[in-house]
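Here the structure comes first, spelled out in structure tokens, and everything after it is commentary.
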Amino acid sequence: ASDVYKRQPLTDHLPQIGVSGIAIHPTDPNIIYIATGDDDAGDSYAIGVMKTTDGGVTWNAAGNISASSMNDIFIDPNNPAILWVATNSGVYKSLNSGASWSLKLAQDIKDLKIKPGTTTTMYAATSSNVYRSINSGDSFSQVVISGFTGSRRIALAVTPANPNLVYFVSSKATSSTDNGFNGVYKSTS
């Protein structure tokens with residue numbers, strides 16, 4: 001048997017947009033959410049979260065979020081009506097499959113991760129700070145990291161191999177046009 005996949009464009013009728021995050025429903029693969037906008041280079045602005053219920057044949061706006069860029073989007077695997085999206089205006093949470101959204105952390109969020117094995121704990125990063133939620137993203141607290149300064153960008157990582165580990169890498173500005181390495185950090189709690 002051949003592993004040939006049929007490929008066809010399903011979004012020819014969407015405006016030209018970047019997509020920086022994709023979340024697929026855990027039990028219905030026809031339900032997909034995309035976080036729009038080019039998060040890295042800013043080549044295209046966000047037009048909100050888009051949702052399909054027919055496997056990508058048609059797309060509709062999922063609620064109303066005021067942001068010019070988005071990145072990570074997640075669906076709660078235990079309750080797929082709950083979603084989180086990270087944007088340049090903050091972390092938003094939906095309790096009704098994206099019909100409406102509530103702002104939970106008003107910061108320019110560059111990265112969002114959920115602790116493997118639970119949706120109770122999540123981590124968010126701005127260019128220079130890390131935040132943690134222990135109540136499923138209803139509120140966030142800044143994590144104090146001794147000796148950490150001068151960050152221009154943070155990227156987070158978590159692993160199901162050890163859910164208590166949180167890593168992040170940081171860059172710092174070395175000039176107006178160049179970023180330098182600022183360190184790799186690891187938390188074990």
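The values are calculated or read from the model by the stated rules, or taken from the named source; none is laboratory data. Just so it is clear, the structure is predicted and the values come from calculations on it, not from any experiment. When we count neighbours, we look across all protein chains shown, and the Cβ atoms used for this are built from the backbone with ideal geometry, even at glycine. Heads up: the accessible areas ignore ligands, DNA and RNA and are worked out on the full protein's heavy atoms, side chains in. Shrake-Rupley method; radii C 1.70, N 1.55, O 1.52, S 1.80 Å.
Using 0.36 nm per residue and subtracting the Cα-Cα separation, the extra length available between Asn179 and Asn64 on full extension is 38.0 nm. Recomputing Cα Rg over 2.2 N^0.38 Å from the coordinates shown identifies the correct label among (i) 2.00; (ii) 1.14; (iii) 1.08 as (iii).
Between Tyr45 and Tyr167, the simple spin-label model (points 7 angstrom out along Cα→Cβ) gives 3.7 nm. With a cut-off of 11 Å between beta carbons, the residues surrounding Ser139 carry a summed charge of +2, where Lys and Arg count +1 and Asp and Glu -1. The slack in the chain from Asn79 to Asp54, taken as 0.36 nm per residue of separation less the alpha-carbon distance, amounts to 7.0 nm.
The residues of segment 16-91 have, on average, 45 Å² of accessible surface per residue, using a 1.4 Å probe with all protein chains present. Roughly to the nearest percent, how much of the accessible area of the chain is carbon and sulfur, given a 1.4 Å probe? Accessible surface attributable to carbon and sulfur in the chain totals 48 percent. Of the whole protein surface, Asp138 contributes about 80 Å² of accessible area at a 1.4 Å probe radius.
State the extension gain, in nm to one decimal, for the chain segment bounded by Thr188 and Asn135, taking 0.36 nm per residue of separation less the distance between their alpha-carbons. Provide the component values of the computation, followed by the final result.
Working: separation 53, 0.36 × 53 = 19.08 nm, distance 1.91 nm.
Once the chain is fully extended between Thr188 and Asn135, it gains 17.2 nm.
Please work out the average accessible area per residue across segment 105-172, using the 1.4 Å probe convention, and give it in Å².
Values: 3230 Å² over 68 residues.
Accessible surface, normalised per residue, equals 47 Å².
Pairs from the table (Lys115/Lys172; Lys51/Lys115; Lys93/Lys186; Lys113/Lys186; Lys104/Lys172) lying more than 22 angstrom apart at Cα are Lys115/Lys172; Lys51/Lys115; Lys93/Lys186; Lys104/Lys172.
Distant-in-sequence amide contacts of Arg153, defined by a placed amide H-H separation under 5 Å and a gap of 5 or more residues or a different chain, comprise Ser171.
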